[in-house]
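Where a number appears in this text, it was derived from the coordinates with a stated rule and is not lab data. If you're wondering where the values come from, they're calculated on a predicted model, not measured in any experiment. Every residue, glycine as well, gets a Cβ built from its backbone with ideal geometry; the counts of neighbours run over all protein chains shown.
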Amino acid sequence: MEQNPGSLKKQLLFIFLLGILAFGTTLAGVFSLPFFVPLAIVSAIFGLILLFSRPLLLLSALIILRMSLDYSSQYFTLSLFNITLSLSQIMGLGIATIGIMTLALKRNELPRFPVNLPALLILLWGAVTFFYSLSPKDTLEELLRFFDLFTLSFLAFITIRKTEDFRTLLLAFFASSLLPIAFGFYQLAFNIGFQDADVSVPRIFGTFSHPNVFSLYLFSMIVLGILYFILFVQSRRERLISLIFLFILTVTLLLTFARVAWVALFLFIFFLALFRYRLLLFPLILFPLVLFTFSTPFQDRVIDSLRPGLDSSIVWRQNLWHDVTTKSIQDGNLWWGNGMDTFPLVSESLRGTRLGSNDPHNDFVKFFVEGGIVGVGVYIIYILSLFFLLLHGYIKSRPKSALRVSFALMTFFFLTLEVSSLSDNVFKNTPVQWVFFIMLGALLSLLQKEKITKKTSK
């Protein structure tokens, strides 16, 4: 793809400044520094200005800032009208406000946005469950979170108009990973990572709430890194920098010791090899074998997966699914469930907190407990509609074009996420969902532009 060196330098400078802002915001939240509130107010005003003048820069700013907030959110809260909000929740409300304003300003664009139907399906289902939910507050918060995802996807749809915009978007995602990676290696150096019973070494989690969340985010960055390498890397210097970056991302992912992300990465590379790059099959087999031979913690995780002990996280998941689904059926919620985002509440009422996390670690089980058979049906229609959107984009884009390659890689990404959702909280993993929905909106926009170009040329 053609590149404008001058434009790239400006983009990199802006992204660098956003990175400094993200770093300052994170530290201010962690250490409860007095200038945090003024900084947040200035950032909000700056965001509104960008919404009307440079929406792509606003989207880039949101991406970079969001990936640094999870860790600092536990240290900073804001009480307003007897309601306590974390940093992430404040940002969520801000994005919802941006969404309402954007939908009002760009309502003519909305009918052309293909994500409308799958998003509306989830929002309507969640709204229905609100009226009988065990926790209307949790249901409302989850509805707001999903509306934010729709907002971000629509913002990308109306913003990404050309190749340079798409490249800027990818650079913003890469910039968002720098601070989490730095925090991850800090945790590794000082041995202050997440302590897990079935892992012999501390697991790094970066700026996120858990190593599993961090690992799938890193996996998504690897996917985007490969996409950037295929589409934009031209010179030897760019190739070297890209490969080093991908290597760092991969090493960091391995250090999370999250098996779901390991499997996701393996499957994605396998799909990519079958699609175009057959030479990847050799390192795909060799690299895990080398790790298994020379890394004891890696070896332990693999063996535990194949022969799980009674205290294994795999057995723990199986017991969780059995206990909570059984309770939900016994309570008479087979068809309609307990309400959107109530799985943790049902689990806690049955098992308490003594057995660790009450998150479902399986999206199909999550939708069954929260929405019954109807909820599972809604979820299946939802993922199928997203899959067909990606497949449609691949078919309709020009053969051998950069857009077709992009749709292919995002389809592989989506499929691996759905496989991962059988053993992890993918639907609830907000950073990963940000990546997917923003990229989906961007690619659908470029597809429509390509269609217009075709018609014009004819």
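Quick check: Cα centre of region 184-227 to Cα centre of region 383-455, how many Å?
Centre-to-centre (Cα) distance: 25 Å.
List the chymotrypsin sites (Phe, Trp or Tyr not before Pro) in region 86-170 that DSSP assigns to loop (not H, G, I, E or B) and whose Cβ has at most 15 other Cβ atoms within 10 Å. Which are they?
Details: sites: Trp125, Phe130, Phe131, Tyr132, Phe146, Phe147, Phe150, Phe154, Phe157, Phe166; in loops: Phe131, Tyr132.
For chymotrypsin sites (Phe, Trp or Tyr not before Pro) across region 86-170 that sit outside H, G, I, E and B with at most 15 neighbouring Cβ atoms in 10 Å, the list reads Phe131, Tyr132.
Rounded to the nearest 20 debye, what is the charge dipole size of region 94-146 about its Cα centre when +1 sits on each Lys and Arg Cβ and -1 on each Asp and Glu Cβ?
Details: 5 positive and 4 negative charges, 45 e Å.
So the dipole magnitude of region 94-146 works out to roughly 220 debye.
Between the DSSP loop rule and a limit of at most 14 other Cβ atoms within 10 Å, which trypsin sites (Lys or Arg not before Pro) in region 225-322 are left? All intermediate terms of the calculation are to be shown ahead of the outcome.
Values: sites: Arg236, Arg237, Arg239, Arg259, Arg276, Arg278, Arg301, Arg317; in loops: Arg276.
Here the trypsin sites (Lys or Arg not before Pro) that fit, given the DSSP loop and packing criteria, are Arg276.
How much net charge surrounds Ser421 when only the other residues with a Cβ under 13 Å from the Cβ of Ser421 are counted, with Lys and Arg +1 and Asp and Glu -1?
On the way: positive: Arg317, Lys366, Lys428; negative: Asp359, Asp363, Glu418, Asp424.
Its environment carries a net charge of -1.
Classify region 143-289 from the C-alpha gyration tensor, please: rounded if a/c falls under 1.5, else prolate or oblate depending on whether a/b exceeds b/c.
Working: a/c = 1.66, a/b = 1.17, b/c = 1.42.
Verdict is oblate for region 143-289.
For region 177-183, in order, what is each residue's ³J(HN,Hα) by Karplus, 6.51 cos²θ - 1.76 cosθ + 1.60 with θ = phi - 60°, in whole Hz (x at glycine and Pro)?
Once θ is set to phi - 60°, the couplings for region 177-183 become 8, 5, 5, x, 5, 4, 5 Hz.
In nm, what is the difference between 0.36 nm times the number of residues separating Phe275 and Val201 and their Cα-Cα distance? Spell out each step's value before the answer.
Working: separation 74, 0.36 × 74 = 26.64 nm, distance 3.63 nm.
Full-extension gain reported as 23.0 nm.
Assigning unit charges at the beta carbon (Lys, Arg +1; Asp, Glu -1) and nothing else, what dipole magnitude in debye, to the nearest 20, does region 367-454 show about its Cα centre?
Here region 367-454 has a charge dipole of around 640 debye.
Pairs to check: Lys428/Lys449; Lys327/Lys366; Lys137/Lys428; Lys162/Lys428; Lys106/Lys428. Give those whose C-alpha atoms are more than 22 Å from each other in this structure.
Details: Lys428/Lys449 32 Å; Lys327/Lys366 13 Å; Lys137/Lys428 16 Å; Lys162/Lys428 31 Å; Lys106/Lys428 28 Å.
Lys428/Lys449; Lys162/Lys428; Lys106/Lys428, as the Cα separations exceed 22 Å there.
Give me, ordered by chain and number, the residues 5 or more places off Phe194 or on other chains with an amide H under 5 Å from its own placed amide H.
Arg203, Ile204, Phe205
Can you tell me how region 113-457 classifies by the Cα gyration tensor, rounded, prolate or oblate, using a/c under 1.5 as the rounded cut?
Oblate, because a/c is 1.5 or more while a/b does not exceed b/c.
Which aspartates and glutamates, if any, have their Cα less than 12 Å from the Cα of Lys396, not counting same-chain residues under 8 positions apart?
Glu450
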